[in-house]
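Working notes, structure below.
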C-alpha cells in the first residue's frame, strides 16, 4: 500500500475526527488477532463459504488519517490478512 497516496485520499474525503469503515479478510486461525484491532467495538464477522476465512467489518471513530494508517500497519502484521 502506498501510504502517501492513501493519506492524501483520506485527507480529501474525510473531515477528522471521522467514522472510518475497515474491512479485512483473515484466515480463521488469525481471527483473534484481527478482532484485537477493534477492542470494545462492534465487529461484524462473516465466514467464507468453506469456513477457512472470515470477513471482518467495523466502523470506528478515528482522530486522524495517521491513526487510520497506524491501524492498517498493525493489521498488515497479521499473517494472511487481506485489507479491502
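Every read-out reported here was derived from the displayed coordinates using simple, explicitly stated rules and does not represent laboratory data. Remember, it's a predicted structure, so these values are computed and weren't measured experimentally. Quick reminder, even Gly has a Cβ in these numbers, built from the backbone with ideal geometry, and neighbours come from all protein chains shown.
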Taking the Cβ of each residue in 82, 54 as the centre, tally the other Cβ atoms inside 10 Å and list the residues starting with the fewest. 82, 54
From fewest to most C-beta neighbours within 10 Å, the residues 65, 48, 55 line up as 48, 55, 65
In nm, to one decimal, how far is the residue 70 label point from the residue 49 one, both placed 7 Å along Cα→Cβ? 4.0
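So how do 53, 72 line up by other beta-carbon neighbours within 10 Å, fewest first?
With the sparsest Cβ surroundings first, the list reads 72, 53.
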